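Encoded as structure tokens, the structure appears first; notes follow it.
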Amino acid sequence: MAVAATLVLAYGLHPADITRIPEGTATDNYAVVDQAGQLHFAKVYRTRDRLDLELASVELSEYCADGGVATARATRTREHELIETHGRLPMSLWSYVPHTATAEGGLTGARWAAVGTAMGQLHSRLATHPAAAPTLEPGAAVCDVAASWDRFERLIHAYQQKPRLGEFETWALQAARERQAILGDVERALALLPQLSVQVLHGDMAGPNVLFKDNEVAAIVDFRPPAPGYLAWEIARLGCDPKSVLDNSAESWLTGYIDLTLAYRDANPKASAGDLVSSLRVGCAAMLCSAFPLSVPVERPHIVDAAMEAYGRVRHEAALMLLGRLPVIEEALHDALR
């Protein structure tokens with residue numbers, strides 16, 4: 001009833017049906033059908049203390065849409081605002097992208113090139129955003145290995161203090177020890193990186209935020225506020241998605257990754273070959289330096305479920321595979337991009 005009232009008062013939209021959508025970690029999401037049969041997507045913010053950042057995220061999405069990037073459009077309120085903040089529920093309303101599936105299950109076939117094209121167009125547009133001009137920064141700084149070592153040390157200690165460990169916690173403790181032990185290899189790998197491009201990024205380029213219609217990218221959604229970051233990391237975050245890496249043979253995955261980077265270069269010709277080739281090393285190092293989701297049973301035990309545990313195992317295995325094959329796969333990518 002509160003959602004319906006907000007839609008009427010703030011947007012002049014009279015809903016015929018409102019259905020809760022389970023997805024959403026920081027928001028409550030709803031599919032809305034108006035009385036004309038048109039579909040909408042409503043995002044209700046649970047708190048008001050971050051609405052300035054939420055607005056910046058919506059503005060970034062609109063900036064990309066204005067530049068021809070495939071993304072959902074926000075609907076303005078009667079007061080021409082991107083977020084309704086005056087009533088009982090803070091909310092943004094979006095065009096609904098029907099008949100789509102996310103990239104969360106991994107990339108296959110023609111979707112590799114489709115993602116490369118969409119990301120290339122996205123990054124080309126974001127390179128012009130006024131929040132920060134593109135620069136070159138040392139690639140080795142993409143991860144703070146010393147800080148990662150300390151974090152794994154604290155995590156290992158936290159697990160050791162528990163009176164008893166479950167099956168996943170026992171595995172996570174062993175994985176944390178294994179990761180900490182190879183951080184020296186990660187640091188040496190990072191030291192070989194050249195200067196890399198840093199610019200405004202999407203901020204959360206993960207599988208759930210890429211919507212496919214058949215084998216084409218229908219929309220990239222859920223932007224974060226504009227902030228500079230390493231271009232290579234955002235490419236790798238999607239291209240080195242653990243399920244994409246492990247659900248295929250290593251050769252099949254690498255073929256897909258090459259398809260992604262070639263399509264990316266065509267869509268964003270200003271991108272350097274160094275950023276594209278280095279993306280494999282950057283993605284591998286970032287996964288190995290991150291304690292997520294090994295840390296979840298200690299820091300947020302209430303969100304641990306079977307899917308989280310499975311993701312933790314897959315992410316660990318994929319990162320180790322990439323590290324072991326890094327010289328071979330980098331050489332293959334370098335040759336393809338010549």
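Observations on the model:
Here is a yes/no grid of residues against (1) without any contact (Cβ under 8 Å) to a residue 40 or more places away in the chain; (2) among the acidic types (Asp, Glu); (3) touching an Asp or Glu at 6+ places or on another chain (Cβ under 6 Å):
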| residue | (1), (2), (3) |
| --- | --- |
| Val198 | no, no, yes |
| Gly207 | no, no, yes |
| Phe212 | no, no, no |
| Ala219 | no, no, no |
| Pro228 | no, no, no |
| Asp247 | no, yes, no |
| Ala250 | no, no, no |
| Tyr257 | no, no, no |
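- Test for Thr19: is it touching a helix residue (DSSP H, G or I) at 6+ places or on another chain (Cβ under 8 Å) and of a type in the set (Ser, Thr, Tyr): no
- Segment 314-328, residues that are farther than 20 Å from Leu173 by Cβ and either surrounded by fewer than 16 Cβ atoms within 10 Å (Cβ to Cβ) or touching a Phe, Trp or Tyr at 6+ places or on another chain (Cβ under 8 Å) (or both): Gly324, Arg325, Pro327, Val328
- No other residue among Tyr311, Tyr264 is in contact with a Ser or Thr (Cβ under 9 Å, 6 or more places away or on another chain), in contact (Cβ under 8 Å) with a residue 60 or more places away in the chain and either surrounded by fewer than 19 Cβ atoms within 10 Å (Cβ to Cβ) or in the same structural domain as Ala146 (by TED's automatic domain parsing) (or both) apart from Tyr264.
- So Ala263, is it under 21 Å from Gly68 (Cβ atoms) and of a type in the set (Gly, Ala, Ser): yes
- Counted residues, segment 98-137 - those being of a type in the set (Ser, Thr, Tyr) and closer than 25 Å to Ala42 by Cα: 2
Condition check ((1) in contact (Cβ under 8 Å) with a residue 60 or more places away in the chain; (2) within 29 Å of Ala250 (Cα to Cα); (3) of a type outside the set (Gly, Ala, Ser)) across all residues:
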site	(1), (2), (3)
Leu107	yes, yes, yes
Ala110	yes, yes, no
Val115	yes, yes, yes
Gln121	yes, yes, yes
Ala127	yes, no, no
Ala131	yes, no, no
Pro134	yes, no, yes
Ala140	no, yes, no
Cys143	yes, yes, yes
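The values are calculated or read from the model by the stated rules, or taken from the named source; none is laboratory data. Quantities reported herein were computed from a predicted structural model and do not represent experimental measurements. Neighbour counts are summed over all protein chains in view; Cβ atoms, including those assigned to glycine, are modelled from backbone coordinates with ideal geometry.
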